[in-house]
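Each remark here refers to the structure printed beneath this line.
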Amino acid sequence: METGESVVKKEIKADPQFDVVVVLGGNIREVAPGKFKSTSFVEGPEKSIGGHSRTLAAAELYKKGISKNFLISTGQTMVDELGIVDPTKPTESEVMRREMVRYGIPPENIEKEEISTTTQTNAIEVMKILRERGYRKVGLLTSFWHLERSMEFFKTQHSEIDGIEITPLSSEDIIAEKSERHARIVDAVKNTLTMEERMANEKRGVDLLKSGKYISKPLGQK
């Protein structure tokens, strides 16, 4: 465990709903030299927003006993001014892992997938791990605006032969149940111009996916 990490042990149910919950990366930001955080809800629509809600939601799922195992998916996505990946920066999975540990999930219950850099490659790499581990009941945790496109990508990698059941989980819905304060924050976020633009971008992506015309943008390309 790294310095500064704390684990709050929580008693969980003996029969979790999922074998594992996959937590998709949502971009990270360097908020101070050497200090990184997952994204807030105030990020612009051109980048993933609200990634921090995913780590909060994962902690809630653990505390409620819904899942004790978690798989975070996404590698290095921070690029320099030329759009080149900076290998000195941490992966999204590592930054989110640290946050989830601080929120009470034991580090030994968290696995990282650090190859993927897009939602499309999230699905490819995660499905490999699910098959290798023999997971069958799987939760797919991401932001509400990202769920439909994510599920479409996972469908392209999924086969009934796998025997894997994937259930979409909205991080905002989960944290809204935490308290009235969290519910008010989520409601306010859903009514912002930034979220309206984000949702429009996602709809275009889903439409392109269903038509077979979707092309994932390389890192650094706007």
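Annotations
- Of all residues in segment 188-215, those being surrounded by 11 or more Cβ atoms within 10 Å (Cβ to Cβ) and part of a loop (DSSP other than H, G, I, E, B) number 2.
- Residue among T167, T121 that is surrounded by fewer than 20 Cβ atoms within 10 Å (Cβ to Cβ), touching a Gly at 6+ places or on another chain (Cβ under 9 Å), among the hydroxyl-bearing types (S, T, Y) and within 24 Å of A200 (Cβ to Cβ): T121
- The C-beta contact set for segment 25-36 (first residue within 10 Å of T77 (Cβ to Cβ), second residue among the aromatic types (F, W, Y) and assigned to a strand (DSSP E or B), distance under 7 angstrom, 6+ apart or interchain) comprises I28/F36.
- Any hit, segment 11-21, residues being of a type in the set (K, R), in contact with a helix residue (DSSP H, G or I) (Cβ under 9 Å, 6 or more places away or on another chain), at pLDDT below 95 and surrounded by fewer than 16 Cβ atoms within 10 Å (Cβ to Cβ): no
Let's see how each residue does on (1) closer than 15 Å to E111 by Cα; (2) modelled with pLDDT of 95 or more; (3) not aromatic (F, W, Y):
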{"position": "V23", "(1), (2), (3)": "yes, yes, yes"}
{"position": "K37", "(1), (2), (3)": "no, yes, yes"}
{"position": "K47", "(1), (2), (3)": "no, no, yes"}
{"position": "G50", "(1), (2), (3)": "no, no, yes"}
{"position": "L82", "(1), (2), (3)": "no, no, yes"}
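- The single condition among (1) among the charged types (D, E, K, R); (2) closer than 27 Å to T194 by Cβ; (3) touching a helix residue (DSSP H, G or I) at 6+ places or on another chain (Cβ under 7 Å) that R98 does not meet is (3).
- Within segment 25-73, being under 15 Å from R97 (Cα atoms), touching a strand residue (DSSP E or B) at 6+ places or on another chain (Cβ under 7 Å) and assigned to a loop (DSSP other than H, G, I, E, B) holds for G25, G26, T39, G51, N69.
- Criterion: surrounded by 18 or more Cβ atoms within 10 Å (Cβ to Cβ) and at positive phi - qualifying residue of T91, T142, T74: T74
- Test: residue in segment 184-204 that is over 29 Å from T156 (Cβ atoms) and among the basic types (K, R): yes
- Residue identified as within 20 Å of N69 (Cβ to Cβ) and at pLDDT 95 or above among L140, L147: L140
- Options K47, K64, K35: the member that is within 21 Å of E202 (Cβ to Cβ) and among the charged types (D, E, K, R): K47
- Hits in segment 100-109 (condition: closer than 19 Å to T39 by Cβ and surrounded by fewer than 22 Cβ atoms within 10 Å (Cβ to Cβ)): R102, Y103
- Screening segment 83-187 for helices (runs of 4 or more DSSP H) wholly inside it with 1 or more residues that are within 19 Å of V20 (Cα to Cα), without any contact (Cβ under 8 Å) to a residue 24 or more places away in the chain and more than 19 Å from the chain's Cα centre (by Cα) returns the ranges 119-133.
- Given (1) touching a His at 6+ places or on another chain (Cβ under 8 Å); (2) surrounded by fewer than 16 Cβ atoms within 10 Å (Cβ to Cβ), number of the condition S179 does not satisfy: (1)
The values are calculated or read from the model by the stated rules, or taken from the named source; none is laboratory data. Everything quoted here is computed from the prediction, not taken from an experiment. Heads up, the Cβs are rebuilt from the backbone with ideal geometry, glycines too, and the neighbour counts pull from every protein chain shown.
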